[in-house]
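For reference, the structure is listed below as structure tokens.
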Amino acid sequence: MFEQIVKDGEIVAIIIPHSFHESGIKFVTPDDFSQQVAFMNHPVGKVIEPHLHNLVPRTVHYTQEVLFIRRGRLRVDFYDDATNYLESRILEAGDTLLLASGGHGFEVLEEIEMIEVKQGPYAGDQDKTRFAAASRIVVGNGDAL
């Protein structure tokens, strides 16, 4: 199953581990998210009809980003909107992460290759606010770092 990191009823992140499998199409994001993420698993011969995406005006207030971990290991530290540390997770090759709200920081644990997808256009320094990392990091299994 995929995992949600939630603070006060708001989804901070969604992790789709490399071991997740489900037949058909499974959207892991709510319909109102500006970044839509789905897991798809189809048998040989499945036909997805050709289609166009219509011009539909949308308003995006916050950047949501998706990371695809291709190789290596990455610790992700999650923070709420007030920059309070929440928790951490370790991602590895094949995992996918949607960062939906709040803040986040990373530490590369093994040399990593990853792909990032987020909304544009890029707004430079207006795109993010940097803050100090938490002094005590606790991984999802309860281990303090």
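Tabulated results
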quantity	calculated
Which listed residue, of VAL44, VAL28, VAL56, is surrounded by 10 or more Cβ atoms within 10 Å (Cβ to Cβ), at negative phi and hydrophobic (A, V, I, L, M, F, W, C)	VAL28
Residue match in segment 60-72 (condition: crowded, with 16+ Cβ neighbours inside 10 Å, out of contact with any Cys (no Cβ under 6 Å at 6 or more places or on another chain), among the basic types (Lys, Arg) and closer than 29 Å to ILE137 by Cα)	no
Test: residue in segment 42-62 that is within 28 Å of GLU113 (Cβ to Cβ) and under 15 Å from the mean Cα position of the chain (by Cα)	yes
Failed item in (1) under 24 Å from GLN4 (Cα atoms); (2) small (Gly, Ala, Ser); (3) more than 23 Å from the chain's Cα centre (by Cα), with SER34 passing the rest	(3)
Segment 77-99 residues that are outside any strand (DSSP E or B) and surrounded by fewer than 21 Cβ atoms within 10 Å (Cβ to Cβ), paired with ones that are among the polar types (S, T, N, Q) and at pLDDT 95 or above (beta carbon under 7 Å, 6 or more apart)	ASP81/SER101
Which numbered condition PHE33 misses (of (1) exposed (fewer than 12 other Cβ atoms within 10 Å of the Cβ); (2) assigned to a loop (DSSP other than H, G, I, E, B); (3) of a type in the set (A, V, I, L, M, F, W, C))	(1)
Residues of segment 115-128 satisfying the condition of being surrounded by 12 or more Cβ atoms within 10 Å (Cβ to Cβ) and either hydroxyl-bearing (Ser, Thr, Tyr) or more than 16 Å from GLN64 (Cα to Cα) (or both)	none
Test: residue in segment 67-89 that is in contact with an Asp or Glu (Cβ under 6 Å, 6 or more places away or on another chain) and of a type in the set (S, T, N, Q)	yes
Subset of segment 100-114 [under 20 Å from LYS128 (Cβ atoms), part of a strand (DSSP E or B) and out of contact with any Leu (no Cβ under 7 Å at 6 or more places or on another chain)]	GLY103, HIS104, GLY105, GLU107
Count - residues of segment 36-76 that are part of a loop (DSSP other than H, G, I, E, B) and either touching a helix residue (DSSP H, G or I) at 6+ places or on another chain (Cβ under 6 Å) or among the basic types (Lys, Arg) (or both)	2
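The values are calculated or read from the model by the stated rules, or taken from the named source; none is laboratory data. As the structure is a computational prediction, the values presented were derived from the model and not from experiment. Using ideal geometry, Cβ is built from the backbone for each residue, glycine included, and neighbour counts are taken over all protein chains shown.
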